[in-house]
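Please read the structure below before turning to the comments.
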Amino acid sequence: MSWPIGIDAIRATEENLGVRFPIDFVVGMKNRNGGEVQALDDLWSLHPFLDTSDRKKMVRTSNDIVRETMSFREMEWFPQTGVVLASLNGSCLLLLPEEGDPTRLKDEVFVWRMDEDGVETVFRSTAEMLNRRE
């Protein structure tokens, strides 16, 4: 399930993580915060931006991007600059920062698997990923 969210919630997440999301991701999630995306022959649940506008929305979005990112960053082999967009069975879809500007996230979506080294590209852009949303 997904629903619209205010830009202030997105900006709060960016501030909390010290990054700027790609514009296509911001626009796509602003219109539909969360949802499920088809990737790598599986259906992944996108982590939403935390919505504190009312109690019901706060509960629905409690598995937010910041919370999930911080959880993955507790693993020493996880790329510590990664921002988690979705997770499934110990793996995650994530964004990584631009080279030379750690505050700006690339508009390329990667997969990180707990049982493998490194990351690999899954989508060339966040727009491509969000177009696969169910």
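Worth pointing out:
- Gaussian network model of the chain, springs between alpha carbon atoms under 10 Å - residue of 56, 30, 106 with greatest fluctuation: 56
- Among 51, 117, 64, the residue with the largest mean-square fluctuation in a Gaussian network model of the chain, with springs joining Cα atoms closer than 10 Å, is 117.
- Under the membrane-span-like helix rule (DSSP H runs whose alpha carbons stretch at least 18 Å along the helix axis, mean Kyte-Doolittle hydropathy 1.6 or higher), the chain yields none.
- Spin-label model, residue 104 to residue 88: label points 7 Å out along the Cα-to-beta-carbon direction sit 3.1 nm apart.
- Between the range 105-122 and the range 24-94, the alpha-carbon center distance in angstrom: 14 Å
- Viscosity 0.890 mPa s, temperature 25 °C, Stokes-Einstein D of the range 66-115 from Kirkwood C-alpha radius, µm²/s: 223 µm²/s
- Around residue 119: net Lys/Arg minus Asp/Glu count, Cβ-Cβ under 12 Å: -2
- Multiplying the residue separation of residue 36 and residue 134 by 0.36 nm and subtracting their alpha-carbon distance yields 34.7 nm.
- The modelled label-to-label distance between residue 20 and residue 56, using points 7 Å beyond Cα along the C-beta direction, is 3.6 nm.
- The mean sequence distance of close C-alpha pairs (under 8 Å, at least 6 residues apart), as a share of the length of the range 2-130, puts its relative contact order at 21 percent.
- Peptide packing: for 9-22, 85-98, the average count of neighbouring Cβ atoms within 10 Å per residue gives the ranking 85-98, 9-22, highest mean first.
- The Kirkwood radius of the chain, taken over pairs of alpha-carbon atoms, gives through the Stokes-Einstein law at 20 °C and 1.002 mPa s a diffusion coefficient of 146 µm² s⁻¹.
Just so you know, all these numbers are worked out from the coordinates, no wet-lab data involved. Model, not experiment: these values are computed from the prediction. Every residue, glycine as well, gets a Cβ built from its backbone with ideal geometry; the counts of neighbours run over all protein chains shown.
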